[in-house]
Amino acid sequence: MEQLALNAEADARGAIFTRREVVDFILDLTGYTKDQPLHKKRILEPSFGGGDFLLPIIERLLCAWRAARPNGSPLDDLGDAIRAVELHRDTFRSTSANVIALLKREGMTVNTAAALADRWLSQGDFLLTSLDNEFDFVVGNPPYIRQELISAPLLAEYRRRYQTMYDRADIYIAFIERSLLVLSRGGALGFICADRWMKNRYGWPLRSLVAERFHLKIYVDMVDTPAFHSDVIAYPAITIISREAAGATRIAHRPAIDRVTLTRLADLLRAPTSPKESDPVRELNGVTNGAEPWLLESSAQMALIRRLEGCFPLLEAVGCKVGIGVATGADKAFIGDFMTLDVEPDRKLPLVTTKDITSGEVEWRGQGVINPFSDSDGLVDLDHYPRLRRYVESRRDVIAGRYCAQKTPANWYRTIDRITPALAARPKLLIPDIKGEAHIVFEGGRLYPHHNLYYITSDDWDLRALQAVLLSAVARLFVGNYSTKMRGGFLRFQAQYLRRIRIPRWADVPEPLRRELAEAAIKRDVPACNRAAFKLYGVSHEEQPALGGNGK
């Protein structure tokens with residue numbers, strides 16, 4: 001914690017700064033508005049940074065307080081209205097000075113301004129700081145810090161305190177959990193942060209918590225909007241979650257970042273009446289569903305997904321296996337030109353990478369990967385492979401410097417993932433991780449996949465027919481709704497999302513439709529893939545617009 005408190009690099013401590021228009025939008029959405037008796041309420045900012053949220057909060061608080069014509073002193077009336085925490089010491093000091101300066105400009109004496117700042121602001125780790133009482137509002141932009149940057153003892157303490165710090169959850173997950181749990185009855189949380197937890201594996205405990213005890217009131221998709229003062233790769237979203245019984249969720253997508261647009265949108269999202277068809281706001285029921293990923297695109301898509309999930313089994317339940325290619329931990333050492341890799345012939349395999357499949361067909365560029373594993377069990381004995389020994393020993397500094405090698409020094413020459421040569425010989429479908437559209441490539445059983453490629457094999461389904469299904473709008477419906485998106489609208493075609501796809505059993509597919517699917521895939525005719533997939537799933541003409549695909 002001390003290292004994080006002193007770290008001068010904003011990126012290392014997860015600091016991303018939010019535009020003023022977006023801050024005002026979030027404050028409006030939570031109900032922290034000047035027409036409310038804000039001096040009688042309590043608001044929490046758990047990571048105030050440079051004051052992007054804190055300073056506008058103070059401005060609104062003072063305006064509402066003066067309008068109420070109070071009789072007490074500023075310290076008595078306002079002392080409990082704000083609680084704000086910041087870990088980084090230099091940032092804490094500079095923002096404290098800015099708060100005092102703002103209060104002085106608003107007519108406070110130096111002593112009163114300093115006393116209020118002292119009451120409101122505290123320096124420390126929000127996840128470990130003692131908090132008194134509950135809050136009517138919690139707002140902000142929580143830090144985004146990967147686990148690798150947190151010391152093991154501190155991470156262990158976070159995990160002990162916060163049940164949602166599951167698997168590889170980033171620290172903002174614990175920020176959301178704690179912020180929710182300190183809300184008063186009817187209180188509202190308004191955060192802008194990455195949306196990964198709403199979809200992926202590590203987010204399921206937090207999704208369960210929200211579904212069981214809170215109401216997801218508003219979701220605003222902020223992909224490709226300039227919401228921050230710097231670019232971010234992750235897909236950001238605004239969520240308003242209240243401590244009250246669950247209900248419908250109001251949803252908006254990608255608003256223009258200007259004050260007029262956001263003010264009007266906030267009014268629509270908080271309106272007491274249901275949105276009109278012409279409004280840029282939709283209302284969905286059942287978005288939170290236990291630990292299940294949130295489906296947030298449209299009611300028509302949600303209805304179609306729920307129907308398909310009720311009718312068809314999961315991809316891996318019908319004889320298909322989803323996996324990921326080999327990670328070596330030192331590609332420059334383990335990967336090279338296949339023909340010139342100077343090891344025994346059975347210690348290397350031809351490798352397929354994303355560059356080999358950009359055209360939609362496999363065009364092998366001649367790369368190979370070293371295989372240090374025996375076919376039966378464990379690593380090969382280097383004494384039996386003198387060429388392999390010379391090869392890895394000449395690159396020992398790079399190979400032995402990896403974490404996996406340092407953890408088990410006797411196995412220093414292993415790749416991170418075990419290599420199974422039989423996989424190279426199996427026909428498979430290859431799928432790059434990040435793509436705007438599905439990119440599904442058939443590989444006939446000659447090459448081993450690299451770690452940035454997912455693959456699907458099957459003992460039951462014909463892979464060409466399966467390729468057509470995965471190229472279709474039906475498969476994209478599942479991936480598009482269940483995967484996190486990246487900047488630019490790109491989808492993550494990861495194993496956890498591919499496994500969400502529903503598909504009939506091969507034995508239930510009529511022979512004519514089998515041929516139609518395979519022929520469409522071989523021709524890479526996506527409209528033909530859609531037509532065949534619509535038949536396969538029984539997608540009606542009324543349902544087809546929800547897919548965004550067509551059968552023409």
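The values are calculated or read from the model by the stated rules, or taken from the named source; none is laboratory data. What you are looking at is a predicted structure, and each value in this text was computed from that prediction instead of being measured. When we count neighbours, we look across all protein chains shown, and the Cβ atoms used for this are built from the backbone with ideal geometry, even at glycine. In case anyone asks, the SASA skips ligands and DNA or RNA and just uses the protein heavy atoms, side chains included. Shrake-Rupley method; radii C 1.70, N 1.55, O 1.52, S 1.80 Å.
The residues of the stretch 230-283 that are among the small types (Gly, Ala, Ser), under 20 Å from the mean Cα position of the chain (by Cα) and farther than 14 Å from Leu296 by Cβ, listed by number, are Ser230, Ala234. Could you list all residues from the stretch 449-488 that are farther than 27 Å from Gln544 by Cβ and open to solvent by less than 10 Å² (accessible area, probe 1.4 Å)? Pro449, Leu453, Thr457 - these are the residues of the stretch 449-488 that are farther than 27 Å from Gln544 by Cβ and open to solvent by less than 10 Å² (accessible area, probe 1.4 Å). Whether any residue in the stretch 312-326 is closer than 27 Å to Tyr385 by Cβ and not β-branched (Val, Ile, Thr) is what I want to check. Yes, the conditions are met somewhere in the stretch 312-326. Close contacts from the stretch 511-540, counting a first residue that is free of Cβ contacts under 8 Å to residues at least 40 places away in the same chain and a second that is among the basic types (Lys, Arg) and surrounded by fewer than 21 Cβ atoms within 10 Å (Cβ to Cβ), with Cβ to Cβ under 7 Å and a gap of 6+ residues or different chains, come to Leu513/Lys535; Pro527/Lys552. For the stretch 118-130, residues that are under 19 Å from Ile57 (Cα atoms) and in contact with a strand residue (DSSP E or B) (Cβ under 7 Å, 6 or more places away or on another chain) total 5.
Could you tell me whether the stretch 255-270 includes any residue that is open to solvent by less than 60 Å² (accessible area, probe 1.4 Å), under 24 Å from Asn481 (Cβ atoms) and of a type in the set (D, E, K, R)? For the stretch 255-270, residues open to solvent by less than 60 Å² (accessible area, probe 1.4 Å), under 24 Å from Asn481 (Cβ atoms) and of a type in the set (D, E, K, R): absent. The criterion of at least 3 residues that are at pLDDT below 95 is met, among strands (runs of 3 or more DSSP E) falling completely within the stretch 397-509, by 490-492. Within 30 Å of Val474 (Cα to Cα) and either among the small types (Gly, Ala, Ser) or open to solvent by less than 10 Å² (accessible area, probe 1.4 Å) (or both), is that true of Ile370? The answer is no for Ile370.
In a residue-by-residue description of the stretch 411-428, the property of being open to solvent by 50 Å² or more (accessible area, probe 1.4 Å), polar (S, T, N, Q) and more than 25 Å from the chain's Cα centre (by Cα) applies to at least one position. Quick check: is even one residue across the stretch 69-92 more than 22 Å from Lys40 (Cα to Cα), out of contact with any strand residue (DSSP E or B) (no Cβ under 8 Å at 6 or more places or on another chain) and open to solvent by 40 Å² or more (accessible area, probe 1.4 Å)? Taking every residue of the stretch 69-92 in turn, at least one turns out to be more than 22 Å from Lys40 (Cα to Cα), out of contact with any strand residue (DSSP E or B) (no Cβ under 8 Å at 6 or more places or on another chain) and open to solvent by 40 Å² or more (accessible area, probe 1.4 Å).
Just one of the numbered conditions (1) under 33 Å from the mean Cα position of the chain (by Cα); (2) surrounded by fewer than 16 Cβ atoms within 10 Å (Cβ to Cβ); (3) within 30 Å of Asp525 (Cα to Cα) is not true of Thr354: (2).
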